[in-house]
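Contents: one structure, followed by commentary.
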Amino acid sequence: MYEFEVANTNGLPTPTVTRAPEYQPPIERPYSIKGLFHPKEVVMVAGAPGLGKTNVVAAACAHVSQGRTFGGRPVRRGLVIYYGAEDPEGVLKRAHPLLRDPACATAPFFVVHGAPNLMDPEIIPKVRSFVERKKIEHECDTVVVVFDTLNRCLGGADENLASTMGAAIGNADQIAKLSNACVVLVHHVGAGNPDRPRGSSAQEGNLDGLYILKPADESRDSEKVVLLVPKKQKNGKLTEPIPFQLKSLFIGRDSDGEDVSVPYAVALEPSAFAKSKPAANENRKADGARGERREDLARTLMELSKQEPERFFTRPEIAERSGSAFNTVRENKDSLRKAIGRALDDLVAAGLVEEGTDGFRRAPQPPLNETPIAESA
């Protein structure tokens, strides 16, 4: 043990002290989206009005809620709490094209209607309490919490003051640390400088990550392409920009016979992350990964049992809803089929899943005496 306590003489919380020569930096860094969204960090996505900030962030969150690879980057399935302070219905519209498939019905992506005040310290326990309940409900270890847009979450305070932005980002940081969350602040860039966030220049120093959305070549299929460009990544090296194609999905015709569509963003894979399609015999995983896949399918079937408790689900239906533990084999149908089969067989043998003529479902579980979550921080 290389930590020890020091005497507390001021009535303040006793700090923890670490002997620096004994510290070993971790090799594995937790993430929601590797190189982009990491737990216990506050990052900002800033861009000009109308450029597609909400499109891009909603797309990223949709991938997190499903545990699906995003723009060539690995993704871990997690809870998403999206505070749509400016346009909650707009967030839902932008997430719809990526979550409309029935396989996404149990994705833990929640949009909160309203503008929380990040200037109020009481927001910390309120958000934390809501996050912890949802994490337990959906068996998620990590979470992405979005405030869109930051200006709407300042309670009317002046974004040009260093004290305002320092307090808001400080409270966001407490939410991130206490909830094991990546907090994403969606913000505008300055009118005269599209390379920095609007408002006090002090805010950039308080962030763990800063990403600027910029226009790119629009020649691809006559649809707009934008780049999410990392400007600051405090705990890692700057990664390659992620290109996004901004598209629209036709959803029907209104009573006047006019077409109705909703916007959304598709993350394109940069050449730096391009990977060849894996061969079927290159996807056999170690026993540790097999255990992760068992846990993934146990979680999947638990979510499905909440929707239709009596129904048996086929292997393809379960595979469609599987999460990040299967990402390395998802592009190869034969490897995915075998990995799903092994995990289901293990769960049936353990008595956690029952097999019927029509597929599989979660086995009845004995009641548990659960302790309620504390409402305070």
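Some values worked out for this structure:
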item	result
Cα lying deepest toward the dipole's positive end in the stretch 280-362, options Leu304, Ala349, Val329, charges on Cβ	Val329
DSSP bridge pairs, the stretch 31-273: antiparallel proportion in percent, nearest 5	45
Modelled FRET efficiency - R0 41 Å, Glu331 with Glu122, Cβ distances, 0.05 increments	0.30
Within the stretch 31-273: Cβ-based charge dipole about Cα centre, in debye rounded to nearest 20 (Lys, Arg +1; Asp, Glu -1)	760
Given charges at Cβ of Lys, Arg, Asp, Glu: the chain dipole, positive-most of Ala20, Val42, Leu92	Ala20
Spin-label pair Glu269/Ile136, simplified geometry with 7 Å Cα→Cβ offset, distance in nm	4.0
The chain: most fluctuating residue of Ala95, Ala167, Ala350 per GNM, C-alpha cutoff 10 Å	Ala350
Choice from Gly190, Gly67, Gly323 showing the highest fluctuation, given a GNM over the chain with Cα pairs closer than 10 Å	Gly190
Computed magnitude of the charge dipole of the stretch 280-362 (debye, nearest 20; Cβ of K, R +1, Cβ of D, E -1)	160
10 Å Cβ shell holding at most 10 others, DSSP loop, trypsin sites (Lys or Arg not before Pro): longest site-free stretch of the chain	20-236
Gap separating the Cα centres of the stretch 114-136 and the stretch 309-342, nearest whole Å	34
Of Lys126/Lys306; Lys224/Lys247; Lys34/Lys224; Lys134/Lys247; Lys134/Lys232; Lys40/Lys237, those spanning more than 19 Å from alpha-carbon to alpha-carbon	Lys126/Lys306; Lys34/Lys224; Lys134/Lys247; Lys134/Lys232
Reported label for calculated Cα extents along the principal axes in Å given (i) 58, 45, 42; (ii) 61, 47, 36; (iii) 67, 65, 41	(iii)
Values of log10 I(q)/I(0), in the order q = 0.25 Å⁻¹, for the stretch 280-362 under a Debye, Cα-only, solvent-free model	-1.26
Most fluctuating residue given options Gly52, Gly359, Gly209, as computed from a GNM of the chain linking Cα atoms under 10 Å	Gly359
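Bear in mind that the values in this text are calculations on the coordinates, not laboratory data. Predicted model, so just to flag it, every value in this text is computed and none were measured. Neighbour counts run over all protein chains shown; Cβ positions are idealised from the backbone, glycine included.
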